1. Going down the table (166/240; 102/156; 66/232; 66/166; 102/240), which pairs top 25 Å between alpha carbons?
2. Going by average Cβ density within 10 Å per residue, which order do the peptides 187-199, 156-168 take, highest to lowest?
3. Within 13 Å, Cβ to Cβ, of residue 19, how many net charges do the neighbouring residues add up to if Lys/Arg are +1 and Asp/Glu are -1?
4. Report, in whole Å, the centroid distance computed from the Cα atoms of the stretch 212-242 and the stretch 156-183.
5. Treat each spin label as a single point 7 Å out from the Cα along the C-beta direction, and report the residue 101 to residue 160 distance in nm.
6. Could you put 220, 102 in order of accessible surface area, largest first, with the 1.4 Å probe and the full protein assembly present?
7. Between residue 184 and residue 40, what is the label-to-label distance in nm when each label sits 7 Å out along the Cα-to-Cβ direction?
Amino acid sequence: MNERIIVVDDEREIADLLEVYLTNEGFQVETFYQGLPALSAIRQNPPALALLDVMLPDMDGFTICKKIREDFYFPVIMLTAKVEDMDKIMGLTLGADDYITKPFNPLEVVARVRTQLRRCTRYNHPDGENGGNGGSAAGAAPFQNEIDVHGLVINKDTHTCKLYDKPVTLTPIEFSILWYLASNRGRVISSEELFEQVWGEKYLDNNNTVMAHIGRLREKLKEPARNPKFIKTVWGVGYKVE
């Protein structure tokens, strides 16, 4: 593997923890606790990927991301304690490829680092050292047969599902439900639409089949009942994968 990762976070425990996990996965890791030294190192020797904390003592992560995008196109993942949508939108607008909200599972970070590196390798054009993906996953053509949702990877060709690189055993119906929701990511899917698309039959009122299958899917994905990470309930409307 040997890809070089730069981690920038002024919370030393978090930075050091990420360094341990990423190193154990075979990455070369450089850790910085301030933004300016990290930016200097990036300019001297661009990494394969950067993990940037938003709140830093000398320069915020958004500014670093913006400066990176002036010259480089490697993936950037933002680490933020802020959960407001505008903060997420700002980071993505400035060229970040993904964001992770603290507190997080280090295994999720590793999985999402791998995802971004796979995308970068898959979509970069061969002309030019930095590739041609514009530095943003949004600028790349979608890979139709594999979908990654924050470390949940669903592959239609192999009919497999992995959560943080660990296999999740799904029935054909469960896989079809998850695939349909993920392939319509961001859109609310009604129970009626989901039933008719997956089962191929007309949906009848008071049909609890979809709800029961969603419940089993959440159990397999180890989703907390009150605040599921992957499959969200939009009360009175349906379900969506964000």
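1. Numbers: 166/240 23 Å; 102/156 31 Å; 66/232 32 Å; 66/166 34 Å; 102/240 22 Å.
Over 25 Å apart, Cα to Cα: 102/156; 66/232; 66/166.
2. Numbers: 187-199: 16.4, 156-168: 14.3.
Going by the mean number of other Cβ atoms within 10 Å, highest first, we get 187-199, 156-168.
3. Details: positive: 4, 12; negative: 9, 11, 13, 16, 25, 30.
Spelling it out: positives minus negatives among the neighbours equals -4.
4. Taking the Cα centre of the stretch 156-183 as reference, the centre of the stretch 212-242 is 14 Å away.
5. Going from the residue 101 label point to the residue 160 one covers 3.1 nm.
6. On the way: 220 75, 102 30 Å².
Ranking 220, 102 by accessible area, largest first, yields 220, 102.
7. Between residue 184 and residue 40, the simple spin-label model gives 5.3 nm.
The values are calculated or read from the model by the stated rules, or taken from the named source; none is laboratory data. Remember, predicted model here, so these are calculated numbers, not experimental data. We place every Cβ from the backbone using ideal geometry, glycine too, and count neighbours over all the protein chains shown. Only protein heavy atoms, including side chains, enter the accessible area calculation; ligands, DNA and RNA are left aside. Shrake-Rupley method; radii C 1.70, N 1.55, O 1.52, S 1.80 Å.
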